[in-house]
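Notes follow the structure.
Each value in this text was obtained by applying a stated rule to the coordinates, not by laboratory testing. None of these values were measured; they are calculated from a predicted model. Cβ atoms come from the backbone with ideal geometry, glycine included; neighbour counts cover every protein chain shown.
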Amino acid sequence: NSSRIAIIGAGIAGLACATALRQAGFQVTLFDKSRGAGGRMSTRRGADWQCDHGAQYFTARNPEFRAEVSRWERAGVAAHWQLQLRGLDADGCSGGAPVERFVGVPRMSSIGAWLAADLVLHTGMAISALQREDNVWRLHVQDEGPLAHRYDMVVLAVPAPQAVPLLGQVAPLQAALAAGTNMAGCWAMMLEYAQPLALDFNAAFLNAGPLRWVARDSAKPGRSGRESWLLHASAEWSEAHIELDADSIAAQLLAAFITLGGQVPQRWSVHRWRYASTPQARNDVCLWEAGQGLGMCGDWLNGGTVEAAWLSGHALAQRIIAGPA
Ligand code: FAD
């Protein structure tokens with residue numbers, strides 16, 4: 001098959017779709033507005049320090065996804081995370097449910113980077129519009145205009161709110177569907193310490209106050225470098241404070257961490273995820289309009305996790321490969 005496919009978004013959904021299509025012989029080109037692949041499976045890096053500030057870990061309950069994770073493990077870019085987990089709430093502690101958790105090694109962004117190494121990926125390219133003429137697609141790049149290349153099919157592998165402006169003119173029904181899917185933000189705070197903190201847990205879910213999750217990032221498998229902690233605010237708190245300035249966010253999240261036994265860090269930074277989670281993800285798995293050659297995949301169509309996003313991208317590729325019914 002020599003069909004040319006453009007995939008917009010090189011998060012795990014776009015990468016899964018691209019990998020399967022490429023194996024089936026399609027000519028696949030990925031575009032992403034950021035500097036690298038992986039999307040929300042990302043890591044902030046400094047001198048002798050790093051911190052995963054998006055997805056913290058992932059599950060692999062589906063057998064097909066578990067097989068893919070085994071491939072990543074063999075390549076040395078993923079590992080099982082046997083964490084000391086505490087579910088702390090206002091009244092004390094309760095243990096977390098037993099579930100197999102995996103992380104990217106040596107950092108979460110390693111998985112996207114590894115998958116992208118086999119693919120054609122253009123980074124730093126924000127696609128601003130799609131145009132359909134004479135049964136082919138053209139892509140417009142923000143501040144640059146239309147690309148010369150034409151594509152037989154286009155896949156949108158971006159969060160729902162970011163799909164809306166691209167779908168607007170060319171696929172109003174799909175645009176409305178994406179517009180009807182709410183995604184919640186998340187404030188993340190990264191902390192760097194000279195010495196390990198004397199806390200008796202490496203990760204905890206929290207049910208009270210601004211924080212939802214804290215983790216000793218430097219205790220994940222395959223890490224080296226200085227002590228690193230990650231704090232995630234809850235979706236509700238993040239949404240209520242989404243426009244607040246970074247200093248005020250940091251002050252409140254750090255104060256909450258100190259009540260858990262944390263300390264003032266040597267260095268800190270915050271990151272605002274505008275579209276982190278999908279409170280009510282759809283159950284479509286993926287969407288494919290064969291007549292138009294337009295597909296959509298991503299976590300928001302399938303349950304809001306890394307595993308769901310990979311399965312969505314992989315399923316879309318299978319539908320494209322199957323061809324017209
Ligand atoms: P994304 O990873 O968002 O990829 C979309 C890509 O599209 C991005 O790279 C973006 O740059 C690009 N893009 C968007 N618009 C354009 C455009 N116009 N042009 C070009 N490129 C564009 N999941 C778990 O399983 N476990 C967790 O513990 C977990 N914790 C999380 C914590 C946080 C703070 C966040 C943010 C997410 C978390 N998730 C977690 C969710 C998980 O990260 C996502 O479900 C998954 O990574 C989504 O993958 P995706 O490919 O659908 O989207």
With labels modelled as points extended 7 Å from the Cα through the Cβ direction, what inter-label distance (nm, one decimal) is found for GLU133 paired with HIS149?
1.9 nm
Hey, with R₀ at 25 Å, roughly what FRET efficiency would GLN266 and TRP213 work out to, going by the Cβ-Cβ distance, to 0.05?
0.70
Once phi is turned into θ = phi - 60°, what whole-Hz ³J(HN,Hα) does the Karplus curve with 6.51, -1.76 and 1.60 give for every residue of segment 23-36, x standing for Gly and Pro?
4, 8, x, 6, 8, 10, 10, 9, 10, 9, 7, 8, 7, x
5 Å is the cut-off here: which amide hydrogens, built 1.01 Å from N in the peptide plane, fall below it relative to ARG267, excluding neighbours closer than 5 in sequence?
GLU192
Would you mind computing, in nm to one decimal, how far apart the modelled labels at ALA75 and GLN169 are, each placed 7 Å from Cα along Cα→Cβ?
3.7 nm
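With N set to the number of residues, divide the alpha-carbon radius of gyration of segment 236-323 by 2.2 N^0.38 Å and report two decimals.
On the way: Rg = 19.3 Å, N = 88, 2.2 N^0.38 = 12.1 Å.
This ratio for segment 236-323 stands at 1.60.
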Just check segment 1-137 against the gyration tensor rule for me: Cα atoms, a ≥ b ≥ c as the square roots of the eigenvalues, rounded for a/c under 1.5, and otherwise prolate or oblate depending on whether a/b exceeds b/c.
prolate
Neighbourhood charge, 15 Å Cβ-Cβ cut-off, centred on ARG267 and excluding it, Lys, Arg +1 and Asp, Glu -1
-2
Could you let me know the centre-to-centre spacing of segment 103-119 and segment 1-46, using Cα atoms, in angstrom?
12 Å
Hey, what do the phi angles of segment 187-196 turn into as Karplus ³J(HN,Hα) couplings, whole Hz, using 6.51/-1.76/1.60 and θ = phi - 60°, x for Gly and Pro?
8, 10, 10, 10, 10, 10, 10, 6, 10, x
Between ILE242 and ALA198, what is the label-to-label distance in nm when each label sits 7 Å out along the Cα-to-Cβ direction?
4.2 nm
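Can you compute the charge dipole magnitude of the chain about its Cα centre, using +1 on each Lys and Arg Cβ and -1 on each Asp and Glu Cβ, nothing else charged? Give it in debye, rounded to the nearest 20. Before the final figure, lay out the partial values.
Numbers: 27 positive and 28 negative charges, 124 e Å.
Roughly 600 debye, rounded to the nearest 20.
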Which Cα, out of TYR275, MET189, PHE58, lies furthest along the positive dipole direction of the chain (beta carbon charges, K/R +1, D/E -1)?
PHE58
Bridge type composition, the chain - antiparallel percent by DSSP, nearest 5
70 percent
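If you take the square roots of the eigenvalues of the alpha-carbon gyration tensor of the chain and sort them as a ≥ b ≥ c, do you get rounded (a/c under 1.5), prolate (a/b over b/c) or oblate?
Numbers: a/c = 2.01, a/b = 1.74, b/c = 1.15.
It comes out prolate by the Cα gyration axes.
Label segment 114-154 by shape, choosing from rounded, prolate and oblate, from the square roots a ≥ b ≥ c of the eigenvalues of the Cα gyration tensor; if a/c is under 1.5 it is rounded, and otherwise prolate applies when a/b is larger than b/c, oblate when it is not. Can you show the working numbers first?
Working: a/c = 2.94, a/b = 1.44, b/c = 2.05.
Taking the square roots of the gyration eigenvalues as a ≥ b ≥ c, segment 114-154 is oblate.
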Provide the gained length on full extension for the span ARG45 to ALA126, in nm with one decimal, where the gain is 0.36 nm per separating residue minus the Cα-Cα distance.
26.9 nm
Taking θ = phi - 60°, what integer Hz values does the Karplus form 6.51 cos²θ - 1.76 cosθ + 1.60 yield along segment 135-145, in sequence order, with x for Gly and Pro?
6, 10, 9, 10, 10, 9, 9, 3, 6, 10, x
Could you state the principal axis extents of the C-alpha atoms in segment 94-186, from the largest down, to the nearest angstrom?
58, 34, 24
